[in-house]
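Step one of this worksheet: look at the structure below.
The values are calculated or read from the model by the stated rules, or taken from the named source; none is laboratory data. Predicted model, so just to flag it, every value in this text is computed and none were measured. Every residue, glycine as well, gets a Cβ built from its backbone with ideal geometry; the counts of neighbours run over all protein chains shown. For the accessible areas, the whole protein counts, side chains as well, though only heavy atoms, and no ligand, DNA or RNA atoms are used. Shrake-Rupley method; radii C 1.70, N 1.55, O 1.52, S 1.80 Å.
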Amino acid sequence: LPALQLTRIQQVEHEGCMTLLAGSAGVNVSTVLFVGRAGPNAALLVLRPRVGLRLLAEIEPEEITDDLLADIWGQVAVLHQTGIAHGALDATHVMCSSGEPALVGFAHASTGQSGYRQAKDVAELLAATAGIVGDGRAIDACVGVLGDARLRAALPFLQPAALGALTLAALGARGRAARARIEELHREAADRLGIEVAALPQLQRVRLSSLLLAAGSLVAVAVLLGQVGNPAKVWAVVNHADWGWAAAAL
């Protein structure tokens, strides 16, 4: 199932479906009570939250034990074994208590060929937990449950462009300090695996401003081509052009 939805009803149906799939596979999730339309211009997803749980982002670091970290990664392992990638696995989408933790917020989840998205999940949660309990404990918990290979696959995604804003904020990595802070985590993870730190592929975020600029450029080209008209006439104009004025215009 794709992670792209164009309408509100598609969005809530997708999140409801992903939540049900994860729950049926054994992941601790919220219970889906209702998915459907709520009036002519709205859609509604009703979930029954798991009682007594708090967001990982709201828990004090001293309350997070190694066993709790292992349980969180255990839930991720079950999710990924099902072929589902969460897509936004930061500290606001993990809920914890004295019992087993739960995963929530499956709006960006996907199934199928999602190996790279699962690797991004691992990088996101690793960075998020590192911002709370420290790099060493976060890496140890990840490797202890998922193993070295899964951490190695996640290393290329330990860079600011691949991580969410909330995760970067939890790391205290803002602005120019972001890359240095993520590189520190990346270096410690590589040391834990006993491998050399390799040059990372540079990922770029696609921003709305970039999309608007590209769309505007296409429109401008289309308008100019419409003004050009017959290529033979264009060639005639070029042959009689005043190159002094052309240079000035350029």
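For this structure, a couple of remarks:
- Sorting 157-170, 38-51 by their mean Cβ neighbour count within 10 Å, with the most densely packed peptide first, gives 157-170, 38-51.
- Here the accessible area is traced with a 1.4 Å probe on the protein chains. For the stretch 1-72, carbon and sulfur cover 55 percent of it.
- Between Ser217 and Ala149, residue separation times 0.36 nm minus the direct Cα-Cα distance comes to 20.1 nm.
- FRET E, pair Arg192, Cys17, Förster distance 35 Å, beta-carbon r, rounded to 0.05: 0.45
- You can think of it this way: the chain between Asn41 and Ser97 has 16.5 nm of extra reach, that is 0.36 nm per residue less the Cα-Cα gap.
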